[in-house]
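First comes the structure, then the notes that go with it.
The values are calculated or read from the model by the stated rules, or taken from the named source; none is laboratory data. Being a predicted model, the structure only gives us computed values, none of them experimental. Glycine gets a Cβ as well: all are built from the backbone with ideal geometry, and neighbour counts include every protein chain shown.
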Amino acid sequence: MRRVADIMSRDVVSFAPETEILRAVEVLVARGISGAPVVDADGRVLGMLSQKDCLRAAIEGAYHREWGGPVSAVMSRDVKSLPPDLDLLGAARVFAQDPYRRYPVVSDGRLLGMVSRSDVLAGLLASWAE
């Protein structure tokens, strides 16, 4: 059976922790993605920045009449990830149980790629067709 590493996206949008929130929002909107990992210079995952995090920052910024700061100030630090060697049925179980639409694929704390529900469904479909 195929594994997460076989179907993950390797061309991943990610942000450094010091990236300005407004710049990150521009990237998320331009790329049409709902979130991205925040990684350090060594590729270690520090958090996830979601559209929801950005909306919270916008609300807070509107209240204080200033919106900005680094993504590290608003990112979610409790990051759930998937290992690259997890089989697709295992990944499907995770997606079926959790509300997330995509997960970072991480090995030894380092970001390898991203995998989405759609990736897993397409991978399962391809496996069943073989």
VAL27: modelled with pLDDT of 95 or more, surrounded by 14 or more Cβ atoms within 10 Å (Cβ to Cβ), in contact with a Lys or Arg (Cβ under 8 Å, 6 or more places away or on another chain) and not charged (D, E, K, R), yes or no? no
Would you confirm, using the coordinates I've provided, whether PRO83 is touching a strand residue (DSSP E or B) at 6+ places or on another chain (Cβ under 6 Å) and either touching a residue at least 12 places away in the same chain (Cβ under 8 Å) or not aliphatic (A, V, I, L, M) (or both)? no
Taking ASP40, is it in contact with a Pro (Cβ under 8 Å, 6 or more places away or on another chain), charged (D, E, K, R) and either modelled with pLDDT of 95 or more or farther than 22 Å from ARG2 by Cα (or both)? yes
Consider LEU124 carefully, then state whether it is over 26 Å from ALA24 (Cβ atoms), aliphatic (A, V, I, L, M), surrounded by 15 or more Cβ atoms within 10 Å (Cβ to Cβ) and within 18 Å of the chain's Cα centre (by Cα). no
Looking for whichever is in contact with a helix residue (DSSP H, G or I) (Cβ under 8 Å, 6 or more places away or on another chain) and of a type in the set (Ser, Thr, Tyr) here; the options are SER34, SER107, SER118. Which one fits? SER34
Quick test of your reading of the structure: LEU46 fulfils all but one of (1) free of Cβ contacts under 8 Å to residues at least 40 places away in the same chain; (2) out of contact with any Lys or Arg (no Cβ under 8 Å at 6 or more places or on another chain). Name the failing condition by number. (2)
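Here are some residues: GLU60, GLU18. Which one is more than 22 Å from LEU82 (Cα to Cα) and in contact with a Ser or Thr (Cβ under 9 Å, 6 or more places away or on another chain)? First the steps, then the outcome.
Working: GLU60 fails: in contact with a Ser or Thr (Cβ under 9 Å, 6 or more places away or on another chain).
Just one listed residue meets the conditions, GLU18.
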Could you grab me the full set of residues in region 80-115 that are at pLDDT below 95 and within 16 Å of VAL13 (Cα to Cα)? ARG101, ARG102
Scan region 2-22 and tell me whether some residue there is within 30 Å of GLU130 (Cβ to Cβ), surrounded by fewer than 19 Cβ atoms within 10 Å (Cβ to Cβ), hydrophobic (A, V, I, L, M, F, W, C) and under 12 Å from the mean Cα position of the chain (by Cα). yes
Restricting attention to region 68-93, report how many residues are touching a Phe, Trp or Tyr at 6+ places or on another chain (Cβ under 7 Å) and surrounded by fewer than 17 Cβ atoms within 10 Å (Cβ to Cβ). 1
If you scan region 1-11, which residues turn out to be touching a residue at least 40 places away in the same chain (Cβ under 8 Å) and either part of a loop (DSSP other than H, G, I, E, B) or farther than 29 Å from ASP87 by Cβ (or both)? MET1, ARG2, MET8, ARG10
Quick check: anything in region 57-77 over 23 Å from PHE15 (Cα atoms) and among the β-branched types (Val, Ile, Thr)? no
